[in-house]
Amino acid sequence: MRGRWLYLLGLGIAAGAAQAQEADIARRFGTLDGVTQVSLSPDGQRLAFLAPNKGQANDLFVVDIADGATPRRILRASGDPEILRWCKWATEARLICQIGGREKVGEFIYGFSSLLGVDAAGGNVKSLSIRRGDNALGIDFRGGSVIDWQPGPPDSVLMMRSHVPEANRRTASLIAKDEEGMGVDLVNVVEGSVKIVEKPRRDTIEYITDGKGKVRIMGTQPMEGRTDNLSRIVRYLYKPADGGDWRQLSSLDTLSREGFEPWAVDAATDRAIGFGKIDGRLAVMAVKLDGTGKGETLYRHPEVDVDGLVRVGRDQRVVGATYATDRRQMVTTDPKVAAMANSLSRALGGRQVYFIDASADESQWLLWAGSDIDPGRYYRYTPAAKQLRPLLEDRPLLSALTLSPVKAIRYPAADGTMIPGYLTLPPGRSDAKGLPAIVMPHGGPSSRDEWGFDWLAQYFAQAGFAVVQPNYRGSSGYGDQWYQNNGFQSWKVAIGDVNDAGRWILAQGADPAKLSIVGWSYGGYAALQSGVVAPDLFRAIVAIAPVTDLGRLKTESARYTSGAIIRDFIGSGPHIREGSPAQNADRIAAPVLMFHGTLDQNVDIDQARIMRGALTSAGKKVELVEYPGLAHSLSDSETRAAMLSQITGFLPH
């Protein structure tokens, strides 16, 4: 008998050790990136970066590179509700930061932002956004942004700032301040002096400079008719190089992406550089800013959208473009940048290299490099000395773990279309035979998965799962024909592709009794709707911040100025009911686990609560975990770690 007790005790110790190890792995992957928003000082000798603190709080640190000193914390945001979104060097002695957050007032969740300046040594914190008086006649939560970091005058930046009219307290019938909307000011970040460059305009949402202090392009987005809903059409105007009135440049449909969308101005050629469509795919284009409307295509790809610009230096000049096939690729027009990128990638074992910042004279460069099995690290590169110095790791808690290579795949949909995606297997495994597996559709749906490090996929692979990430039809990045009418209006095709990813991994030998689906946002919607369409395919469903009722989503969005745009995106017709998991909960057979933050501005938590109610009424197994005060991304390390542990405990494996 004594031997039996010792045996059982041994089992208990082993189980406890396994649970402790699983909890440790969840903590390592759930912990937020250790550094974000890294910026290089104008002289190239110091770094500024953000780092998470407890809960949603985060801190701004400054560190001298040369002496390897300990980083100094110079600013903290409490996370309740403010967080630091980014900080960047304006001068050697001064940084500019954007503070942002969300607050709930009644049924409305408002996002807000503001700009502030802080000394690099700490202290002397001053607001750089327009102050809101108690007698303001409206509400505008936009704090503005920096649109030119070196406009010419010393210690100054060009800032886009929002204005709200204010009444005269002494004479209520008169308006003391009638400026409204976004304008541009030249702001001295040391003295605090302000010079008006562009007067505020009510419908303006964007200004673009030439990187040398001249505002050349303005984007406007008026309200739709007499409603409080923004129009889906953005109109762009330009100013000639020698000044004068604003003139029409182009327009853009924000849903279809039809039209020309300027992103930058090239002062040397007097052209706007941006994106437009050719044969249903985005391409990089340049349009002359001389009234002729003459344009040319700078780069296009025959299979995918060209969707990003390569911009370098403190003037953020355009030197190339990027696109993603199986992996993201870069094409450049600057031989110096191309040579640097290629040589650095080779020196770093083929890792992807991105230029983040540069010193004012470009003798020092800040870059980031990473891969599928490397979460990434920041480096300072000195071209003259050919010196590459490692600086900061994104996720130091993962440095001791062996991560899993990500393999690009293609699998057949029911109609024979080959669907691209990615497969991540547990470390050391070369196939999925006998493994528990997860299909993990991405969010959006106007998005796509890319090759590289993915903390969720890597965590599940570490826990022993094969993970498939399908770029189903309805994903962006592959052109109009692939995008169709987006993943909601074309849900039958999108969800069919997601389900076929599950069937494909089973054909590769994965265990059919241990196939699950996990998704976040639209991915959570896809997970639930897959359970409606193919109730016998998945054995467990996990949905994080999911959309569950399309009709309700339209109603909820009507609270905000973007309501008409979301209404048109979702559309009308039978798909509203047929494509809503909450309206078809009785067809779901697998147990469902959901997670949702109560301060989610992207997808209201009522979406998850409605789904829970529908599943409960249908006699299904369901659990909803709510996180008070958290937004869509659940950006809290302890929350994410606990969520990962709960998910793996829920999934069959």
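What is the residue count in segment 182-205 for residues that are in contact (Cβ under 8 Å) with a residue 40 or more places away in the chain, assigned to a strand (DSSP E or B) and either open to solvent by 60 Å² or more (accessible area, probe 1.4 Å) or within 11 Å of Ser162 (Cα to Cα) (or both)?
Residues in segment 182-205 being in contact (Cβ under 8 Å) with a residue 40 or more places away in the chain, assigned to a strand (DSSP E or B) and either open to solvent by 60 Å² or more (accessible area, probe 1.4 Å) or within 11 Å of Ser162 (Cα to Cα) (or both): 1 in total.
What's the total number of residues in segment 340-360 that are of a type outside the set (Lys, Arg), free of Cβ contacts under 8 Å to residues at least 40 places away in the same chain and open to solvent by 60 Å² or more (accessible area, probe 1.4 Å)?
So the count comes out to 3.
Read through the list (1) open to solvent by less than 40 Å² (accessible area, probe 1.4 Å); (2) touching a residue at least 40 places away in the same chain (Cβ under 8 Å); (3) closer than 21 Å to Phe112 by Cα; (4) assigned to a strand (DSSP E or B), then give the number of the only condition that Trp86 fails.
(1)
Within the group Ala461, Ala457, Ala501, which residue is within 22 Å of the chain's Cα centre (by Cα) and outside any loop (DSSP other than H, G, I, E, B)?
Sole residue among the options that is within 22 Å of the chain's Cα centre (by Cα) and outside any loop (DSSP other than H, G, I, E, B): Ala457.
Does Gly117 satisfy the criteria of being in contact (Cβ under 8 Å) with a residue 40 or more places away in the chain, more than 24 Å from Tyr379 (Cα to Cα) and open to solvent by less than 50 Å² (accessible area, probe 1.4 Å)?
When the stated conditions are applied, Gly117 passes them.
Among the candidates Thr648, Thr616, single out the residue that is at pLDDT 95 or above, under 26 Å from Val532 (Cβ atoms) and open to solvent by less than 20 Å² (accessible area, probe 1.4 Å).
Thr648
Conditions: (1) surrounded by fewer than 20 Cβ atoms within 10 Å (Cβ to Cβ); (2) within 23 Å of Ser490 (Cβ to Cβ). Ala564 meets all but one. Number of the miss?
Condition not satisfied by Ala564: (1).
Asp64 - would you say it is in contact with a Leu (Cβ under 9 Å, 6 or more places away or on another chain) and open to solvent by 20 Å² or more (accessible area, probe 1.4 Å)?
yes
In segment 112-157, which residue that is modelled with pLDDT under 85 and farther than 22 Å from Ile83 by Cβ is nearest to the chain's Cα centre (by Cα)?
This residue is Gly138.
Whether any residue in segment 262-283 is in contact with a strand residue (DSSP E or B) (Cβ under 6 Å, 6 or more places away or on another chain), assigned to a strand (DSSP E or B) and over 23 Å from Val312 (Cα atoms) is what I want to check.
No; the residues of segment 262-283 include none that is in contact with a strand residue (DSSP E or B) (Cβ under 6 Å, 6 or more places away or on another chain), assigned to a strand (DSSP E or B) and over 23 Å from Val312 (Cα atoms).
What residue, of Ala589, Ala543, is modelled with pLDDT of 95 or more and either open to solvent by 50 Å² or more (accessible area, probe 1.4 Å) or assigned to a loop (DSSP other than H, G, I, E, B) (or both)?
That would be Ala589, the only listed residue that is modelled with pLDDT of 95 or more and either open to solvent by 50 Å² or more (accessible area, probe 1.4 Å) or assigned to a loop (DSSP other than H, G, I, E, B) (or both).
Just the residues that are out of contact with any strand residue (DSSP E or B) (no Cβ under 7 Å at 6 or more places or on another chain) and surrounded by 15 or more Cβ atoms within 10 Å (Cβ to Cβ), please, taken from segment 321-339.
Of everything in segment 321-339, those that are out of contact with any strand residue (DSSP E or B) (no Cβ under 7 Å at 6 or more places or on another chain) and surrounded by 15 or more Cβ atoms within 10 Å (Cβ to Cβ) turn out to be Ala324, Thr325.
The values are calculated or read from the model by the stated rules, or taken from the named source; none is laboratory data. Source: prediction; values computed, not measured. We place every Cβ from the backbone using ideal geometry, glycine too, and count neighbours over all the protein chains shown. Only protein heavy atoms, including side chains, enter the accessible area calculation; ligands, DNA and RNA are left aside. Shrake-Rupley method; radii C 1.70, N 1.55, O 1.52, S 1.80 Å.
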